[in-house]
There are 2 protein chains.
Amino acid sequence: MEKAGVICYNVVANLVWEALFLSIRIGILGYGNLGRGVECAIKQNNDMVLTAVFTRRPPETVSILSEGVKVYKVEELISHKDEIDVLILCGGSAKDLPVQTPEYAAHFNVVDSFDTHAKIPEHFAAVDGAAKKGGKVAIISCGWDPGLFSINRLYAGAVLPEGKDYTFWGKGVSQGHSDAIRRVEGVLDGKQYTIPVEAALESVRNAENPDLTTRQKHIRECFVVAAEGADKAKIEETIKNMPHYFDEYDTTVHFITMEELKRDHSGIPHGGFVIRAGKTGWNGENTHVIEYSLKLDSNPEFTSSVIVAYARAAYRLASEGQKGCKTVFDIAPAYLSPMSGEELRAKLL
Amino acid sequence: MEKAGVICYNVVANLVWEALFLSIRIGILGYGNLGRGVECAIKQNNDMVLTAVFTRRPPETVSILSEGVKVYKVEELISHKDEIDVLILCGGSAKDLPVQTPEYAAHFNVVDSFDTHAKIPEHFAAVDGAAKKGGKVAIISCGWDPGLFSINRLYAGAVLPEGKDYTFWGKGVSQGHSDAIRRVEGVLDGKQYTIPVEAALESVRNAENPDLTTRQKHIRECFVVAAEGADKAKIEETIKNMPHYFDEYDTTVHFITMEELKRDHSGIPHGGFVIRAGKTGWNGENTHVIEYSLKLDSNPEFTSSVIVAYARAAYRLASEGQKGCKTVFDIAPAYLSPMSGEELRAKLL
């Protein structure tokens, strides 16, 4: 009896140890596509556990996937700070993250996916100040672009300094362009796909390092549901000439039914290519092509998976006593993997 | 006159400053294809300068490309330690590096391209001990595999834990297999190309995560120059059944003339693919494919270019006071680029 008791005690102690100490405890702020993706990604990583979800909506209206995990009002977030190792911010880059990331980096190790490329330096500065003051680690702009694509631009450029890199996006759904279509008068709903121009891709892959205009790099394809009696010719005209969004591209507009849109265009696929061609040799006599590509069924779920890997890095960096804002450029690959240095060298190097 | 003197003094002072302090001073040990590639890569990187080349051959028999740079006997290497920030070891993995890297890591920051995957843990331990004792930074196994391919296996695995990765090599020249051909009786010369099986690549790209045998992944194509009167049927038979090298593969053997070999097969191209497909979502409902590929005109020159980027990292890590052995997994991408953190965030993120 005593022996069984000891064994039982050990099993329980192990479970408690694992739950309390070994698992990285994650909090999610914002439960849209990205928040749900983070929740799914945590389930795939044995060293992580979801502590709670925080939302601006009434918590009782938010139904999450993880059994036994609570949803709280955002106002309660700070009071849970001791239960969260890394807080993942799943808001939007336009309005949420510029406020939230600096605010919460003062209290939590945080990871965000801020993706307004032009405003990254400004965001970095604000977050860095807050994180340093709070003694926390913040990793911003995680995902695939910015994120994995950025890393590939950096590695390729460092290895082939005499070269040129190109980034192509798609085929995939652009949320911003889809929203723009939906704002056109007479449009009930719509989806926009960004598609790389095949001839441009080929030229880049052939190391021709072409000068490409915006129009030569991508085409835009729109699937639009028009209201009954709407002027389709005018809708098409309005979309194709929309400044910034469509006027610099070759755009095709297809009118379909709501049923077709729901059936054929309800996914959020995306992807793209980072390609760099460069020369080596005493007189640049040899050419090399580095290509990185992604083909994604779900843009938010893949982005979430990248974010969650960087949450592991944030936890480890914080454990080492590091502070301040980091980007994917500042983080050694090993921090992302659950494997130890020994395992990585033996299995993946 | 005085003013002109001051300007002139400043110009000279700047040049001296740049040459002495800002440029990373590189030494090369071993001047074969890899050493020459490193020399060419240094020329492409403005923040680096080649200090000297060290060789086991009589220095007067070694003619290098860089004007005004000296070639010394390897025995003189240690006496030049104060003129070298990073020593790049360009020997072979079979016999040179297991001895040289630990030996010189005690005196220099070093980078090598040790590529015997199975022996990396052992090599790491030996180099780590020496580098820590000497207070130096050593980066081992730089190149593309091990190297950039390893990094991509790590990132892809960390982001898509529920998936499987595949590495394909080629189309490219395998030095080891070409050497094996040349040892066959009746063979004057020969080149072997490793080629991925197209159907396997397609299956992997389609996220089918197939189980592939050695034979199903790569084919081997040999171009052989036979001696006059040699038994070609026997040569072909011997090659195709050679244990470890060819017996597990579908191999084709083409007999060509020495002239054809020199004309059509004198390059050292290589390349390959790292592909990982994985699933995300609460029930694995979405699939993603990450693909990284290289198409290289010159295997040694590209490898050298990777090594030189890591020499920059070794220099910076040493400047921060770090010590010991590192691999590409341990080094944040930013260390490889000549750009500052600010520039990287503004331009590449």
Q) Within region B:19-74, can you find the residues that are within 14 Å of chain A (Cβ to nearest Cβ), open to solvent by 90 Å² or more (accessible area, probe 1.4 Å) and of a type in the set (D, E, K, R)? A) B:Arg36, B:Lys43, B:Glu67
(Q) If I ask for residues that are of a type in the set (A, V, I, L, M, F, W, C), at the interface with chain B (Cβ under 7 Å from one of its Cβ atoms) and part of a loop (DSSP other than H, G, I, E, B), which ones from region A:329-343 would you list? (A) A:Ile331, A:Ala332
Q.
What pairs come out if I take residues in region B:83-96 that are among the hydroxyl-bearing types (Ser, Thr, Tyr) and pair them with residues that are part of a loop (DSSP other than H, G, I, E, B) and open to solvent by less than 20 Å² (accessible area, probe 1.4 Å) whose C-beta lies under 6 Å away, six or more apart or interchain?
A. B:Ser93/B:Phe114
Q: Residue by residue through region A:95-113, note down the ones that are in a loop (DSSP other than H, G, I, E, B) and acidic (Asp, Glu).
A: A:Asp96, A:Asp112
**Q.** Candidate set from region A:285-327 (those that are facing chain B (nearest Cβ under 10 Å) and without any contact (Cβ under 8 Å) to a residue 24 or more places away in the chain); member that is farthest from the chain's Cα centre (by Cα)
**A.** A:Glu285
Q. Which residues, taken from region B:303-341, are under 18 Å from B:Ile42 (Cβ atoms) and touching a Gly at 6+ places or on another chain (Cβ under 8 Å)?
A. B:Thr303, B:Ser304, B:Ser305, B:Val306, B:Ile307, B:Ser337
Q. For region A:110-118, does any single residue satisfy the condition of being of a type outside the set (S, T, N, Q), over 19 Å from A:Leu34 (Cβ atoms) and open to solvent by less than 30 Å² (accessible area, probe 1.4 Å)?
A. no
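For every residue, the table says whether it meets (1) touching a residue at least 24 places away in the same chain (Cβ under 8 Å); (2) open to solvent by 20 Å² or more (accessible area, probe 1.4 Å).
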| site | (1), (2) |
| --- | --- |
| A:Thr252 | yes, yes |
| A:Ile268 | yes, yes |
| A:Thr280 | yes, no |
| A:Asn283 | no, yes |
Q: Could you please find all residues in region B:114-124 being assigned to a helix (DSSP H, G or I) and either touching a residue at least 12 places away in the same chain (Cβ under 8 Å) or touching a Pro at 6+ places or on another chain (Cβ under 9 Å) (or both)?
A: B:His117, B:Lys119, B:Ile120, B:Glu122, B:His123, B:Phe124
(Q) buried (at least 22 other Cβ atoms within 10 Å of the Cβ) and either in contact with a helix residue (DSSP H, G or I) (Cβ under 6 Å, 6 or more places away or on another chain) or over 24 Å from A:Trp169 (Cα atoms) (or both): which single residue out of A:Tyr245, A:Tyr310, A:Tyr292 fits that description? (A) A:Tyr292
Q | The lone exception for A:Ala105 - which of (1) farther than 20 Å from A:Val308 by Cα; (2) modelled with pLDDT of 95 or more it fails | A | (1)
Q | Filtered residues of region A:202-239 (kept if under 28 Å from the mean Cα position of the chain (by Cα) and of a type in the set (A, V, I, L, M)) | A | A:Val204, A:Leu212, A:Ile219, A:Val224, A:Ile239
Q. Do we find a residue being among the β-branched types (Val, Ile, Thr) and within 14 Å of another protein chain (Cβ to nearest Cβ) anywhere in region B:251-269?
A. yes
Q) Quick check, is A:Leu294 of a type outside the set (S, T, N, Q) and outside any strand (DSSP E or B)? A) no
Q. Considering only helices (runs of 4 or more DSSP H) fully contained in region A:125-222, which possess at least 3 residues that are away from every other protein chain (no Cβ under 14 Å)?
A. A:175-182, A:198-205, A:214-217
Q. For B:Leu77, which of the numbered conditions (1) open to solvent by 40 Å² or more (accessible area, probe 1.4 Å); (2) within 14 Å of B:Arg25 (Cβ to Cβ) fails to hold?
A. (1)
(Q) Given the criteria surrounded by 15 or more Cβ atoms within 10 Å (Cβ to Cβ), in contact (Cβ under 8 Å) with a residue 40 or more places away in the chain and hydroxyl-bearing (Ser, Thr, Tyr), does B:Tyr166 qualify? (A) yes
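The values are calculated or read from the model by the stated rules, or taken from the named source; none is laboratory data. All values derive from a computational prediction rather than experimental measurement. As a convention, Cβ positions derive from the backbone with ideal geometry for all residues, glycine included, and neighbour counts pool all protein chains shown. Note: accessible area is taken over every heavy atom of the protein model, side chains too, but ligands, DNA and RNA are not part of it. Shrake-Rupley method; radii C 1.70, N 1.55, O 1.52, S 1.80 Å.
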